[in-house]
Structures are given as C-alpha cells and as structure tokens.
Amino acid sequence: MIVAAPLLVAVGGCGLVEADPQRFERWAESVADIPVTAEPVGLRPAALPANVMGLRPATVPGARTPMRIEVVEAEELWEHRANGFQAVAEVTSHAVAGAVVEQAVVRAPVVAERVVRTLTQTVQLGAFSSRSTAEAAWSRLAGHSVFSGTSPRYEEIQRDGRTLVRLRTTVEADQVQAACQAASAGDFCASTGAT
C-alpha cells in the first residue's frame, strides 16, 4: 500500500499535465516576459582583465535584437527526429554551399592571378638602344614556336645616363629555357624577367 500511493500520485500527475494542452504556450509566454536588459546588474568585476587571462575582450553592451522563441508541437519534433533532421541538413547544406560559392567568386581573380603567375614567367629577351631596334629583334624572334601566342612588352629604363628599351614577353613556365635559348639572351634572361 505504501508503494502504491506514490505510484498513484505520479500517474495522476501525468494526467494533470496531459489535461492542460496550453501549458507550452503559457510557458513560452512566461519566458518571453523575462526582461532582458543591457544595464549593469552589479556583479563584481573579474579578478583579472580578460585579455590577461587569454580570453577575448568583453563586448560592450548595446542594442540587441529581441530573442524569438518558437513553440514546436511534439508531433513536429518527433517527425523531424524520425527523418534524421534531413530537412535541417538540406537547408544547412544549401546555405554552406552558397557561402562557399560566394567566397570562391570573391577570391577567383586573386587565385587566377596566382595560377597565371605560377604557370607563366616573364623573360627579358634583350635591352636595346632604341624601340625600333627592340621591335626589329621581336620581328626576328616572333616566328619561333616558343613565342607563338605571346606579345612583346617594351620597357624604357635609364642605365648609366643612357635610355635603354627592354624587350620582354611572358611564356609558359616550362618554356623559359627554350625562350632564352631562342633569343640567345644568356643567363640574365630568366633571372631578371620578374613580372
């Protein structure tokens, strides 16, 4: 009889909970009524500043967005659990994929420039006393297969009081040696051809 009394009270309590279908809504409303403020609550300060303890600095209280509390029906919760939260995973995966694509689009020009720099190299084919002499040199070199699809760059520089015109072009990284040999440019060809 002593064991039966607590059992009857517990079973009766379950019936009381089930008899009140609005209990979750009232609970959510009571939680929503809790005042949330950015005002100091009079707590004592930490013994050491956060940055000394290796923590990130405290945020300055400011305007906060209100918290939204949603009440989920038990059947809906069980349905999501039964589906292995598949819907949540699908939404999350789409959001993550979108963020990854967005970052890839933003970074694409930088990555493309690095790839081109890695796959190509600027070579200096000579330094000439005038632009016309540099153009004549390019005319002779342009027929060589290593220079097909490339275009010359003429850069004026001052050296020892003289004006020189550098003849440069960009070739694929594995064609640098062949380009330098075709131009009979010597060792400085690849080493001074920085982009």
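The values are calculated or read from the model by the stated rules, or taken from the named source; none is laboratory data. Please read all numbers here as calculations on a predicted model, not as lab measurements. Neighbour counts run over all protein chains shown; Cβ positions are idealised from the backbone, glycine included. Please note that ligands, DNA and RNA were not included when accessible areas were found on the heavy atoms of the full protein model with its side chains. Shrake-Rupley method; radii C 1.70, N 1.55, O 1.52, S 1.80 Å.
Quick notes on this structure:
- FRET efficiency for VAL111 and SER139, using Cβ-Cβ distance with R0 set to 35 Å, rounded to 0.05: 0.45
- When ILE69, ILE157, ILE34 are compared by accessible surface with a 1.4 Å probe, the order from highest to lowest is ILE34, ILE69, ILE157.
- Label point distance in nm, ALA32-VAL71, each placed 7 Å from Cα along Cα→Cβ: 0.9
- The listed residues VAL123, VAL105, VAL31, once ranked by accessible area (1.4 Å probe) with the largest placed first, stand as VAL105, VAL31, VAL123.
- Accessible surface, the stretch 112-185, averaged per residue in Å² (probe 1.4 Å): 61
- Residues PHE128, PHE188, PHE24, PHE147 ordered from highest to lowest accessible area at a 1.4 Å probe: PHE24, PHE188, PHE128, PHE147.
- Scalar couplings 3J(HN,Hα) for the stretch 178-186, obtained by applying the Karplus form with A = 6.51, B = -1.76, C = 1.60 to θ = phi - 60°, are 5, 5, 5, 5, 4, 8, 6, 8, x Hz; x denotes Gly and Pro.
- Rounded accessible area of GLU113 (nearest 10 Å², 1.4 Å probe): 100
- Between GLY126 and LEU167, the built amide H atoms are under 5 Å apart, and every one of these is 5 or more places off in sequence or on another chain.
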